[in-house]
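Remarks on the structure that follows.
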Amino acid sequence: MNVQMLMRAALVCLVTVLASAPGAAHHSTAMFEWGKEMTLEGTVDKYEWTQPHTFIWLNVTGKNGKAEQWAFEGMSPSWLGRRGWNSRTLKQGDALKVVYYPLRDGRKGGFYVRVILPDGRKIEAMPQRSS
Amino acid sequence: MERLRIRVALTAAAVALGALAGCTGSNADSSATGQAAAASGAQNGYAGIAQLPDWSGVWEPVARPNRGGTPPEPPKLTPAYAAQYAAYQEKNRTTPGINFISNVANCVPPGLPASMLQPYPIEFLFSPGRVTILIETYSLVRRIYTDGSPLPEDPDPTYQGTSVGHWEGDTLVVETIGILPETSPMSGINGHSEKLRITERIRLVEPDVLEIVTTREDPEVFVEPYTTTARYQRHRDWKMMEYICAQNNRDSVDEHGNPGIDIERKPGE
């Protein structure tokens, strides 16, 4: 992701506001607290560029200092791939913050909305909410 | 950058127009005429294809009956299906987002016409006597025979059914029967009879906006034909992508429509 690509992704998102209802295509969003943004900092263990959904597996230091792994489902390559993302946008070892909608059942996971890189750059990963 | 900005602004305007204009429960325009009609490509082989409209590029759905456009008029349903639809509306109101009628979360593909209303693009290929529609979501293929052959009497049911088509001017009219009865003929209705018949009228309404008017007929479901309109935006610079649902599907839905997600990682994953 260079700056131009980010700009392009941001601009395309503006277009998308008009075009799309937010949400995941392939399944219900009911298992997530849709719209409630949480943030978690960690290191990427694996980035899965897969259909029907991408996944960020994030290594996190839990509150008690114990290592935890979190799972974040995201939009598909079909969506992200046309908005500046690709299979190499995130890779193992990347330190970042994940902004996500949490799972309702309390398990360590959610749906990723955007990632924030150490220098503060944000990479959007969902249609922007128009409301 | 300036060029990009202008292009994005234009695209936004086009998309907005498409969204505003799209998705009403209107009647199909049956007045289409035209002589280019005969150019199904069957009679004239590949030379005949040059007379067909230019539908090249990749088409992104921008206005669908249930998203991004004016909702269609409610369908007129038979009592059994009216009850099902009312229950759906009520459940949608009280527990929005519950995925109670769709098995697609289990990677079972949608049938026609839902397959044409998925969020990712579609593409058209013309060859003599045939139009092929490639649907990115779930990697579906529709083969529409335009060589004048009739629909079979009683085809074995399939997700995309059995289709024939003909050209009325620059409008492709597609008739489809033989759709699996467990599929959804419209949002909020699960299942239909073996009599379901889908008629699609497909045409360009702007240079880069394609309209598909879809009429559903099934006497066991609909008291009168139910028609919706969807619009698609052309992207000449997009490429179709692979979509194999089984690649990494951690989602599921049970028989009551309750969604689930598996976030356990097995060794080696």
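Filter segment B:258-269 for residues that are at negative phi and more than 10 Å from chain A (Cβ to nearest Cβ); which is surrounded by the fewest Cβ atoms within 10 Å (Cβ to Cβ)?
Here the residue is B:PRO267.
What residue, among those in segment A:99-131 that are within 14 Å of another protein chain (Cβ to nearest Cβ) and touching a Lys or Arg at 6+ places or on another chain (Cβ under 8 Å), is modelled with the lowest pLDDT?
Within segment A:99-131, the match that is modelled with the lowest pLDDT is A:MET126.
State whether one or more residues within segment B:121-133 are touching a Pro at 6+ places or on another chain (Cβ under 8 Å) and in a helix (DSSP H, G or I).
For segment B:121-133, residues touching a Pro at 6+ places or on another chain (Cβ under 8 Å) and in a helix (DSSP H, G or I): absent.
Taking B:THR171 as meeting all but one of (1) under 13 Å from B:ARG216 (Cβ atoms); (2) modelled with pLDDT of 95 or more, write down the number of the exception.
(1)
For segment B:192-239, which positions are within 14 Å of chain A (Cβ to nearest Cβ) and not in a strand (DSSP E or B)?
Once the filter is applied, which keeps residues that are within 14 Å of chain A (Cβ to nearest Cβ) and not in a strand (DSSP E or B), segment B:192-239 yields B:ASP208, B:ARG236, B:ASP237, B:TRP238, B:LYS239.
Have a look at B:GLU206, B:GLU220, B:GLU200 and point out the one that is farther than 26 Å from B:ILE49 by Cα, touching a residue at least 24 places away in the same chain (Cβ under 8 Å) and not aromatic (Phe, Trp, Tyr).
Details: B:GLU206 fails: farther than 26 Å from B:ILE49 by Cα; B:GLU200 fails: farther than 26 Å from B:ILE49 by Cα.
Only one candidate qualifies: B:GLU220.
For segment B:240-256, give me each residue that is out of contact with any strand residue (DSSP E or B) (no Cβ under 9 Å at 6 or more places or on another chain), in contact (Cβ under 8 Å) with a residue 60 or more places away in the chain and more than 8 Å from chain A (Cβ to nearest Cβ).
Passing the criteria: B:ALA246, B:HIS256.
Taking segment B:142-163, which residues are buried (at least 20 other Cβ atoms within 10 Å of the Cβ), of a type outside the set (Lys, Arg), within 22 Å of B:TYR46 (Cβ to Cβ) and without any contact (Cβ under 8 Å) to a residue 60 or more places away in the chain?
Passing the criteria: B:ILE144, B:SER163.
Could you count how many residues in segment A:106-120 are in a loop (DSSP other than H, G, I, E, B) and closer than 15 Å to A:THR39 by Cβ?
4
In segment B:246-257, how many residues are surrounded by fewer than 20 Cβ atoms within 10 Å (Cβ to Cβ) and not in a loop (DSSP other than H, G, I, E, B)?
Adding up the residues that qualify gives 3.
Would segment B:125-141 turn up any residue that is in contact (Cβ under 8 Å) with a residue 12 or more places away in the chain, crowded, with 20+ Cβ neighbours inside 10 Å and on the phi > 0 side of the Ramachandran plot?
Yes, that holds for at least one residue.
Among the listed residues B:LEU172, B:LEU112, which satisfies the condition of being crowded, with 22+ Cβ neighbours inside 10 Å, farther than 29 Å from A:GLY81 by Cα and of a type in the set (A, V, I, L, M, F, W, C)?
After ruling out the rest, the residue left standing is B:LEU172.
Please verify whether A:LEU90 is more than 12 Å from chain B (Cβ to nearest Cβ) and in a strand (DSSP E or B), treating the condition exactly as stated.
Working: more than 12 Å from chain B (Cβ to nearest Cβ): yes; in a strand (DSSP E or B): no.
Against the criterion (more than 12 Å from chain B (Cβ to nearest Cβ) and in a strand (DSSP E or B)), A:LEU90 does not qualify.
The values are calculated or read from the model by the stated rules, or taken from the named source; none is laboratory data. As the structure is a prediction and not an experimental result, all values here were calculated from the model. Because the Cβ atoms are built from the backbone with ideal geometry, glycine has one as well, and the counts that use them run over all protein chains shown.
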